Each structure stands twice: as structure tokens, then as C-alpha cells.
1. Starting from the stretch 56-77, take each residue that is under 10 Å from Leu27 (Cα atoms) and list its partners that are of a type in the set (A, V, I, L, M) and assigned to a helix (DSSP H, G or I), counting only C-beta distances under 6 angstrom and pairs at least six apart or across chains.
2. The conditions are (1) among the hydroxyl-bearing types (Ser, Thr, Tyr); (2) exposed (fewer than 12 other Cβ atoms within 10 Å of the Cβ); (3) at pLDDT 90 or above, and Thr48 fails exactly one of them. Which is it?
3. From the list Val41, Val6, which residue is closer than 30 Å to Tyr81 by Cβ, more than 13 Å from the chain's Cα centre (by Cα) and part of a helix (DSSP H, G or I)?
4. For the stretch 53-76, name all the residues that are of a type outside the set (Gly, Ala, Ser) and out of contact with any helix residue (DSSP H, G or I) (no Cβ under 9 Å at 6 or more places or on another chain).
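The values are calculated or read from the model by the stated rules, or taken from the named source; none is laboratory data. In this text the structure is predicted, and so the values were computed from the model without any measurement. All Cβ positions, glycine included, derive from the backbone under ideal geometry; neighbour counts span all protein chains shown.
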Amino acid sequence: MSHDKVLEIVQDAVMATLITSAPPLLLGLVVGLVVSVFQAVTSIQEQTLAFVPKIAAVLLSLILFGGFMLGTMQDFIINLYSQIPDLLGR
């Protein structure tokens, strides 16, 4: 197996990981920013106020985008398995 093929597989894996992890991370980021602004405006410094909404947002994003995330990983794995004969040189 050539170095170019290995780099292509690694690049595909990293891209699939980024695409799969983006929805929960971005939604958690947005909710965290909104809660932080709310805490700064109201001068409320309760730790659970920052933590609980982010957990709820990530869980909600997993429910909403779970099918998309699973499909992305499934496509990557099917593509990887279909390349096995070519990688072995057969």
C-alpha cells in the first residue's frame, strides 16, 4: 500500500470525524455563549446554569442529528471496506 493511499484514508477519516462531531459541538458552543452572555448581563454566577443547558443542547443535537451522523460514519466504513481488495493488491 502506497503512502498516498494511506494519507487519503487518514484524510477521509479525519473529515468524517469532523463532519460527525460538528453538530453537537457547534450547538454546545452556541448555547454556552448564550448562557455566558445571560450570566454576564444578570450577574448570576451559578455553575449549574452554565453546565445543564449545554448538556441538554448536546443531547438534543444527538437526537436531531443522530441519523445524519450515523449515515456519515456508515458511508465512511462502507467506502473503507470496499477498498480492502484494492489495498491488498487483488
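1. Matching pairs, first to second residue: Ala57/Leu27; Ala57/Val31; Ser61/Leu27.
2. That leaves (3) as the condition not met.
3. Residue meeting the stated conditions: Val6.
4. Listed by number, the residues that qualify are Ile63, Gln74.
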